[in-house]
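Engineer: Handing you this structure, nothing more for now.
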Amino acid sequence: MSTKSHDKPLQLKPLHLAISLALLSLAQIGQAQQSTTTESSEGKLNEVVVSANKRIEKLEHVPMAISVLGDATLQRNNVREIADVINLSPALSITYGSTPANNGINMRGIGTTSIGIGVEADVAVIIDDIPMGMQVKAFQDLTDIARIEILKGPQSTLFGKSAIAGAVNIVTKPVSGPLSGNISSLYTSDGEWRIGASYGGEFSEKFGFRVTASDTRFPGNVNNLTDGSKVNGSGGKTFMAKLSWHPTDNLDIDFSPRYNSTVTSCCVLAITSLTPAGGLLSNIAQLPASTLLNGINIGPYNTAVRNDAMTGQTSTSRGAGLKFTYSFADGATLTSISSVDRYYANDSRDQDFVDVPTLFYYPLANGKAAGVNAGYIQYGSFDVKSQTQELRYTSNDKGAIRYVLGYWYGKNSIERHFVRGYNGIALTTPVQYFTDTYNVNNAVFGQATWDFAKDFSLLAGLRYNRETSGYRFSVGAPPPGAYVQTDFFSSLDNTENATTGKLSLQHQVNKNMMVYAMGSTGYKGLAYDLTSGLNVATAAQQPVKSETAKTFEIGLKGNFLDNRLTLNIAAFNSKFSDYQQNSGGYLPGTTTYVTRLNSVGGVQTRGVEMDVSALVTRDLIINGSLAYTDATITDFPNAPCYNVAGSPNGGFNAECQLKSAQYGGQNVQNLAGARMPNAPRIKANIGGQYDLHLSNLPFDAFFTGSVRYQSDVLTNLNQDPSLAVPAISVTNIGFGIKDKMNKYKLSFFINNLFDRHYANTGFTGVGSWSSKAPNPVLTVTNTTWTPARDAFRYVGVRLDAKF
């Protein structure tokens, strides 16, 4: 959507301010703790460490492109979820689906997105050494985070097959120091509120703990006129704990249970145009726009819908990790990390996008109205069970050779139940299926760094992975009536072995600057297209080929001006073969959106990235990041076409080859050279903080600001220009006070200062409309959007306090 200023009243409820003041008073009790959220001390930038190589190292010593978001940056930008992280990292972007379970994370323009459960992500998300079994879990609230490491390019050697494009490594705050706590609350003018607290420390030489709880809620920025509710929002409740035991001087045991409950009402479609005005839904005279869209002011920035069913998802996640670390006398460690996790979700979608019983008017096969007093919906459930075991030996850092050796086991199973439409009503494309998929992985890996000459190091790594996977798929008619299976497909115990590796050479130019060259390979396992489109023909093509990648990267990392300036630059070129990606569109004449899993022959991404931090003065720090990414398709001669209303080419785009004999009579187009979806060519972010010392007052002041920019993107593999997102820039500012003992901080902020309205998704339109019934069909085109969280300006207040 284009951008435009828009004035809105801004309100803060007195109740929430009162709560914040009460929390502030509470924080005055107890001893002040030294701040852990500053980015500089003694006139220098603080040291940044990462665990990208399965050991703690200084960022500037690791020969690969990594961006790190520390505690101070996360707090300053009020980060709550992975979408906020992606706003801060130019290497990352999101592909949004029709429901939250279909969302996907992209790295350098590469990321598999599928509505089916048989396809793994290209970007792994790991929390405290434990990978997520399904990427949708990454869209839960982030709580008690110490730092987030964005590892760019294939990371399969150390992090496995789901990290073929990269990894997001999230590290939570450790158990350390004396008993202490902190509490945080936030409230915004558009109704978002958050409250969170953590408490813990070491209460003896052998025992320590840390517990964290949070509750968040953003009602949404779209009004559902049907019931007066807000939608297009999310909220969650999270509880985490860390229990540490040191039974001997050499052994540490950590147990980490966690729980999350999330409700998301995202993915609604608000109509922004209807041309010509008016129209009939599904070409039915009893379903005119004047009735169905009553009260909705259709326009570019419409924020009203009429839905009688939820579009979104509710989920719960329960799990735990158990970590044993044995330290040898020479400083080496042997570590065992075990985890179990259960994720369950119910998703639903209002498929007719209106609040009247459309099934009452939809025709049966004999042409008569069905007379069913219900709307057209789809719904289902996900049940994801994961368990992992990692055992690794990490050498000490004393010699010329440093290494890590490990074994990895992972088992992941996903069950999916899906229902769409109503049996006997063809316009609802009725279907019901039960499907499950599984994969079991065993891997051994190793990586070593050799300082073979003064100021020169060689890093080499290798991983051997054996995966066994399969699926079962039972399909039948949807309600009403008992489920009767009409077809069944399966492919079990498919086994594939793969080897991936990494090799890099680094040179320490001087004590402040390092340069490197690195090559690596990546692998992602077999995939299964487990969606409503599965039939005899597509089942015969299962499984979809595994995906592989090769990348080459050069880079520079340096600390300058007496550690007041850090600079990280990388240039990369990555090639992917048999890339697994979905494309989709509406079935002609229906409101049903369907997808198809494609094995794209070749994809390439190349570009340049830069991260910089500067302590301009003792009190002014600036962080900036920039990425130029050219992600393109190199080989896809049988790509799907897209619909074009009124097109003389059979209703498809002009490049479409209708009923191609070479490709089994399919409608195809050749997309060699085309852009990858959700891959902005330019993405940048700059932010900072200025501290103002007030010597005559018990507190100091601070000012913050940030600007982010993203160039235009396409949101669909088909290259449909109607699904493009224009370039957007968003500016945020803030100010606040903090006491000189670092006991409390009170912040005020304005997000989207210039009120630039935009959306990242939701351009698919809302089904089939006609201006005349019953025949001939005269097409009425419509456009939609799903406003981003910060599509409209809002203000907020946040309190952070320690006790």
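The values are calculated or read from the model by the stated rules, or taken from the named source; none is laboratory data. Keep in mind that what you see is a predicted model, and the values were worked out from it rather than measured. Reconstructed Cβ throughout: ideal geometry from the backbone, glycine too, with neighbour counts over all protein chains shown. We work out accessible area using only protein heavy atoms, side chains counted, and drop any ligands, DNA or RNA first. Shrake-Rupley method; radii C 1.70, N 1.55, O 1.52, S 1.80 Å.
Engineer: From the backbone phi of region 735-750, what are the Karplus-calculated ³J(HN,Hα) couplings (6.51 cos²θ - 1.76 cosθ + 1.60, θ = phi - 60°) in whole Hz, Gly and Pro given as x?
Structural biologist: 7, x, 10, 8, 6, 6, 9, 6, 8, 8, 8, 10, 10, 10, 8, 10
Engineer: Please list, in order along region 535-550, the HN-Hα scalar couplings obtained from phi with the Karplus expression 6.51 cos²θ - 1.76 cosθ + 1.60 (θ = phi - 60°), rounded to whole Hz, x for Gly and Pro.
Structural biologist: 8, 4, 5, 6, 4, 5, 8, 7, x, 6, 3, 5, 9, 10, 8, 10
Engineer: Tell me the label-point distance for the pair A453, S729, using the 7 Å Cα-to-Cβ offset, in nm and rounded to one decimal.
Structural biologist: 4.7
Engineer: Taking θ = phi - 60°, what integer Hz values does the Karplus form 6.51 cos²θ - 1.76 cosθ + 1.60 yield along region 55-71, in sequence order, with x for Gly and Pro?
Structural biologist: Each residue's phi maps through the Karplus curve to give 8, 6, 9, 5, 3, 6, 9, 9, x, 6, 6, 9, 10, 10, 10, x, 4 Hz.
Engineer: Looking at the calculated P(r) for region 259-415, what percent of the C-alpha pair distances fall above 20 Å?
Structural biologist: In whole percent, the long-distance tail amounts to 69.
Engineer: Let me ask you something else. Within region 351-397, which trypsin sites (Lys or Arg not before Pro) sit in a loop by DSSP and count at most 12 neighbouring Cβ atoms inside 10 Å?
Structural biologist: The qualifying sites are K368.
Engineer: Based on Cα positions only, what radius of gyration and what Dmax would you give for the chain, in angstroms?
Structural biologist: Every Cα atom of the chain included, Rg and Dmax give 26.9, 85 Å.
Engineer: For helix 14-27, report the angle its Cα long axis makes with the longest principal axis of the Cα atoms of the chain; keep it between 0 and 90° and round to the nearest 10°.
Structural biologist: Its long axis makes an angle of about 20 degrees.
Engineer: Can I ask one more? What is the projected area of the convex hull of the Cα atoms of region 157-281, averaged over all directions, in nm²?
Structural biologist: Across all orientations, region 157-281 yields a mean hull projection of 13.9 nm².
Engineer: At a Förster radius of 22 Å, what calculated FRET efficiency corresponds to the Cβ-Cβ distance of S338 and Y259, to the nearest 0.05?
Structural biologist: Given R0 = 22 Å and the Cβ-Cβ separation, E is 0.75.
Engineer: Given only helices, namely DSSP H runs of n ≥ 4 each adding -39500 (n - 2.57), what is the per-residue ellipticity at 222 nm of the chain, to the nearest 500 deg cm²/dmol?
Structural biologist: About -1000 deg cm²/dmol.
Engineer: Please list, ordered by chain and number, the residues whose modelled amide H lies under 5 Å from the amide H of N46; skip anything fewer than 5 residues away on the same chain.
Structural biologist: Hits under the 5 Å cutoff: S40, S41.
Engineer: A further question follows. Name the residue from M741, N294, L151 whose Cα lies farthest towards the positive end of the charge dipole of the chain, charges +1 on Cβ of Lys and Arg and -1 on Cβ of Asp and Glu.
Structural biologist: Ranked along the dipole, the leading option is N294.
Engineer: Please report, for the Cα atoms of region 587-724, the Rg to one decimal and the Dmax as a whole number; what are they, in angstrom?
Structural biologist: Spelled out, the Cα radius of gyration and Dmax of region 587-724 are 23.8, 83 Å.
Engineer: May I ask for the net charge around S577, where only other residues with Cβ less than 9 Å from the Cβ of S577 are counted and Lys, Arg are +1 while Asp, Glu are -1?
Structural biologist: Result for the neighbourhood of S577: 0.
Engineer: Using +1 on the beta carbon of Lys and Arg, -1 on that of Asp and Glu, and nothing else charged, what's the dipole of region 653-803 about the Cα centre, debye to 20?
Structural biologist: 240
Engineer: Under a crude label model (7 Å from the Cα following the beta-carbon direction), how far is A460 from A517 in nanometres?
Structural biologist: That separation, rounded to one decimal, is 1.7 nm.
Engineer: While we're here: Roughly how many whole Å is it from the C-alpha centroid of region 348-427 to that of region 52-67?
Structural biologist: So the two Cα centres are separated by 35 Å.
Engineer: Here's something else I'd like to know. In percent, how large is the relative contact order of the chain, given Cα pairs closer than 8 Å and 6 or more residues apart?
Structural biologist: Taking the mean separation of contacting Cα pairs over the length of the chain, I get 14 percent.
Engineer: Of the accessible area of region 403-546, with the probe set at 1.4 angstrom, what percent is carbon plus sulfur?
Structural biologist: In region 403-546, the share of accessible area belonging to carbon and sulfur is 59 percent.
Engineer: Which value in Å is the Kirkwood Rh of region 40-124 over different Cα pairs?
Structural biologist: About 15.2 Å, per the Kirkwood formula over Cα pairs.
Engineer: Would you mind pulling out the separation of the Cα centroids of region 517-575 and region 715-788, in Å?
Structural biologist: 28
Engineer: To continue, here is another question. Run the quick spin-label model on F703 and N346: label points 7 Å from Cα toward the beta carbon, then report their separation in nm to one decimal.
Structural biologist: Result: 5.1 nm between the two label points.
Engineer: Also, I was wondering about something else. Between region 217-266 and region 644-673, how many Å separate their Cα centres?
Structural biologist: Between the Cα centre of region 217-266 and that of region 644-673, the gap is 45 Å.
Engineer: Rank C656, S504, A52 by how far each Cα sits towards the positive end of the charge dipole of the chain (+1 on Lys, Arg Cβ; -1 on Asp, Glu Cβ) and give me just the farthest.
Structural biologist: C656
Engineer: Right, next: Mind putting a number on the dipole of the chain about its Cα centre? Charges go on the C-beta only, +1 for Lys and Arg and -1 for Asp and Glu, and I need it in Debye to the nearest 20.
Structural biologist: 300
Engineer: Taking only protein heavy atoms and a 1.4 Å probe, what accessible area per residue, in Å², does the chain have with all protein chains in place?
Structural biologist: For the chain, the solvent-accessible area averages 41 Å² per residue.
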